[in-house]
Amino acid sequence: MKKNEEYEVEIIDTGFKGEGIAKIDGIAVFVPNVLKGEKAKIKILKVTSKCAYGKLIELIKCSKNRQECDCETYSKCGGCSLRHMKYEETLKMKKQAVETTLYKMLKKEINVKDTIGMENPYYYRNKLQYPVGISQNGDWVMGVFSERTHTIIPTKECKIQNEISQKIANEIFENAKKLNIAPYNEKDLTGILRHIIIRIGLKTDEIMVTLVVNKNEIPNQEILIKNITEKYPQIKTIAKNVNKKNTNVILGEETEIIYGEGYIYDYLGEFKFKISPMSFYQVNPLQTYKLYSKAIEYAKLTGKETIFDLYCGIGTIGIFASKNVKKLYGIETIEQAIEDAKENAKINNVQNAEFFAGDVEKILPELIKTRNLKADVIFIDPPRKGCDEVAIKTILEVEPERIVYISCNPATLARDLKELEEKYDIIEATPVDMFGFTSHVEVVTFLKLKI
């Protein structure tokens with residue numbers, strides 16, 4: 001098998017990212033946009049010692065699980081890698097991916113429940129981030145980056161972005177053209193407008209706009225503000241974020257509020273959360289509610305427990321659980337997130353919570369020792385890289401009766417569960433579809449201390 005060769009193949013399996021898997025001369029070939037059971041003509045793009053990668057040229061036989069793609073930019077974007085698959089099948093695929101990942105690491109089957117899906121897997125994101133730039137033809141362009149490139153694909157409509165957010169982004173872009181607020185040019189680092197970020201409170205309809213710019217000043221700023229807020233009065237605040245660095249990081253360190261009070265609100269269940277330009281907040285609150293509800297169900301709270309919320313962010317899951325516990329302690333390394341968590345506790349009149357900025361491995365044992373505490377339940381919700389070894393060791397030393405581990409990365413979840421197995425039984429795991437028609441999946445796992 002060599003690069004650029006063409007083959008007719010049967011797709012015999014599905015990979016972790018939703019790609020089809022064929023075999024040629026015993027070597028696995030990964031091909032996007034094909035489904036298990038299909039027959040396809042493919043072209044080989046890359047060959048390694050262990051596997052190969054190809055692209056679809058022609059479908060010869062289609063699967064009953066295939067659907068017509070409903071997005072103009074699907075073949076270029078790479079954001080939703082599963083739009084060619086019926087939604088119910090994507091949920092089955094994600095469950096299978098979790099099962100396979102856990103089995104490979106733990107060498108035994110774990111009870112993985114069916115994926116909790118969405119009633120409507122369209123227009124679900126509450127946060128839009130569109131880059132603005134110059135096309136190869138020299139035209140102004142706004143949209144999404146093509147997969148693995150910095151080429152911006154013009155995007156009038158995205159099937160997973162909130163519809164009002166997209167209209168506002170287009171309005172800002174058209175106003176920028178009229179007011180000569182030049183788009184950023186990556187090649188020579190000139191221009192002004194780099195990104196348009198829109199966040200919406202789905203329960204409140206409040207909208208926050210952040211304009212990421214390459215200069216300290218925006219030409220015709222007041223006219224821009226007047227034009228967009230008069231047309232969209234639900235815009236409650238606008239921030240200017242200055243990022244002059246030649247970097248892939250979207251936000252710079254300097255943020256100035258140029259309209260409104262600098263924040264919006266949204267609700268998760270009965271709890272109200274304040275969202276500022278730099279705040280972390282789940283991009284799919286409807287599914288977040290289901291995720292947290294499952295986590296609290298697993299925690300089996302009676303109202304008598306002392307719980308620890310590790311990697312607590314702005315305090316969402318801890319505050320969500322606060323009515324059902326005796327005492328909550330939240331720990332997070334990012335100081336601004338802890339300030340937001342304290343503010344959110346005040347907003348919701350949560351008086352049984354304390355939040356601490358610092359490393360889990362330092363704060364957790366210190367709290368337990370100095371306050372003579374027993375950890376009944378620990379919630380873990382780490383970043384994609386999972387827990388570090390010291391944090392896992394600390395949790396094993398503390399020995400909470402129950403652990404609820406929320407993960408956005410099944411691979412690092414499996415790695416950490418392998419370590420926690422020393423003292424814990426892995427009772428059950430439930431995948432939750434937070435990002436419909438993408439290959440991403442969240443997993444909430446329940447562990448119980450061995451007797």
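The values are calculated or read from the model by the stated rules, or taken from the named source; none is laboratory data. Bear in mind the structure is a predicted one, so any value in this text is a computation, not a measurement. All Cβ positions, even for glycine, are placed from backbone atoms using ideal geometry, and neighbour counts span all protein chains on display. The protein model used for the area step is the full one, side chains on, heavy atoms only, and it has no ligands, DNA or RNA in it. Shrake-Rupley method; radii C 1.70, N 1.55, O 1.52, S 1.80 Å.
Any residue that is crowded, with 16+ Cβ neighbours inside 10 Å, within 20 Å of Thr101 (Cα to Cα) and in contact with a His (Cβ under 8 Å, 6 or more places away or on another chain) - is there at least one of those in the stretch 376-392? Looking for residues that are crowded, with 16+ Cβ neighbours inside 10 Å, within 20 Å of Thr101 (Cα to Cα) and in contact with a His (Cβ under 8 Å, 6 or more places away or on another chain), one finds none in the stretch 376-392, hence no. Identify the residue in the stretch 15-52 that is charged (D, E, K, R) and part of a loop (DSSP other than H, G, I, E, B) and, among all such residues, is farthest from Thr73 (Cα to Cα). Ranking the qualifying residues of the stretch 15-52, first place goes to Asp25. In the stretch 350-375, of all residues being over 15 Å from Glu397 (Cβ atoms) and of a type in the set (Gly, Ala, Ser), the one that is most open to solvent (accessible area, probe 1.4 Å) corresponds to Ala357. Give Met93, Met85, Met118 a once-over and let me know the one that is surrounded by 14 or more Cβ atoms within 10 Å (Cβ to Cβ), under 28 Å from Lys3 (Cα atoms) and within 21 Å of the chain's Cα centre (by Cα). From the options Met93, Met85, Met118, the qualifying one is Met85.
Candidates Asn185, Asn180: the one that is open to solvent by 20 Å² or more (accessible area, probe 1.4 Å), in contact with a strand residue (DSSP E or B) (Cβ under 6 Å, 6 or more places away or on another chain), farther than 23 Å from Val34 by Cβ and not hydrophobic (A, V, I, L, M, F, W, C) is Asn185. Being assigned to a loop (DSSP other than H, G, I, E, B) and surrounded by 18 or more Cβ atoms within 10 Å (Cβ to Cβ) is a property that Gly138 lacks.
Each residue in the stretch 333-369 was checked for being over 24 Å from the mean Cα position of the chain (by Cα) and either of a type in the set (S, T, N, Q) or under 22 Å from Tyr265 (Cα atoms) (or both), and 9 pass.
For the stretch 320-328, the criterion of being part of a loop (DSSP other than H, G, I, E, B), β-branched (Val, Ile, Thr) and within 22 Å of the chain's Cα centre (by Cα) is satisfied by no residue at all. Among the conditions (1) over 28 Å from Arg148 (Cα atoms); (2) in contact with a Ser or Thr (Cβ under 9 Å, 6 or more places away or on another chain); (3) not hydrophobic (A, V, I, L, M, F, W, C), the only one that Tyr103 does not satisfy is (2).
Close Cβ contacts (under 9 Å, 6 or more residues apart or on different chains) running from residues in the stretch 318-343 that are within 18 Å of Tyr405 (Cβ to Cβ) to residues that are among the hydroxyl-bearing types (Ser, Thr, Tyr) and open to solvent by 50 Å² or more (accessible area, probe 1.4 Å) comprise Phe320/Tyr289; Val325/Thr302.
Identify all residues within the stretch 187-209 that are touching a Lys or Arg at 6+ places or on another chain (Cβ under 6 Å) and assigned to a strand (DSSP E or B); write none if there are none. Listed by number, the residues that qualify are Arg199, Met208.
Pick from the stretch 264-298 the residues that are over 20 Å from the mean Cα position of the chain (by Cα) and of a type in the set (Phe, Trp, Tyr): which of them is surrounded by the fewest Cβ atoms within 10 Å (Cβ to Cβ)? Checked the stretch 264-298; the qualifying residue surrounded by the fewest Cβ atoms within 10 Å (Cβ to Cβ) is Phe271.
Within the stretch 92-109, the set of residues being in contact with a helix residue (DSSP H, G or I) (Cβ under 8 Å, 6 or more places away or on another chain), assigned to a helix (DSSP H, G or I) and not polar (S, T, N, Q) comprises Ala97, Val98, Leu102, Lys104, Met105, Leu106. Annotation for the stretch 334-349: no member residue is open to solvent by less than 20 Å² (accessible area, probe 1.4 Å), in contact with a Ser or Thr (Cβ under 9 Å, 6 or more places away or on another chain), of a type outside the set (Ser, Thr, Tyr) and assigned to a loop (DSSP other than H, G, I, E, B). In the stretch 23-68, which residue that is among the acidic types (Asp, Glu), open to solvent by 20 Å² or more (accessible area, probe 1.4 Å) and closer than 16 Å to Glu8 by Cα is farthest from the chain's Cα centre (by Cα)? Looking at the filtered set, the residue picked out is Asp25. Residues in the stretch 225-253 that are closer than 21 Å to Asn175 by Cα and in contact (Cβ under 8 Å) with a residue 60 or more places away in the chain were compared, and the one that is surrounded by the fewest Cβ atoms within 10 Å (Cβ to Cβ) is Lys231.
What do you reckon, is Asp70 out of contact with any Phe, Trp or Tyr (no Cβ under 6 Å at 6 or more places or on another chain), closer than 28 Å to Cys408 by Cβ and of a type in the set (Asp, Glu)? Yes, satisfied. Suppose the filter is closer than 29 Å to Tyr123 by Cα and open to solvent by 10 Å² or more (accessible area, probe 1.4 Å); does Asp205 pass it? Against the criterion (closer than 29 Å to Tyr123 by Cα and open to solvent by 10 Å² or more (accessible area, probe 1.4 Å)), Asp205 qualifies.
Considering only residues of the stretch 299-317 that are part of a loop (DSSP other than H, G, I, E, B) and among the small types (Gly, Ala, Ser), which is surrounded by the fewest Cβ atoms within 10 Å (Cβ to Cβ)?
Among them, the one singled out is Gly303.
Applying the criterion of at least 1 residues that are among the aromatic types (Phe, Trp, Tyr) to the strands (runs of 3 or more DSSP E) found wholly in the stretch 217-298 leaves 254-260, 264-268, 271-275.
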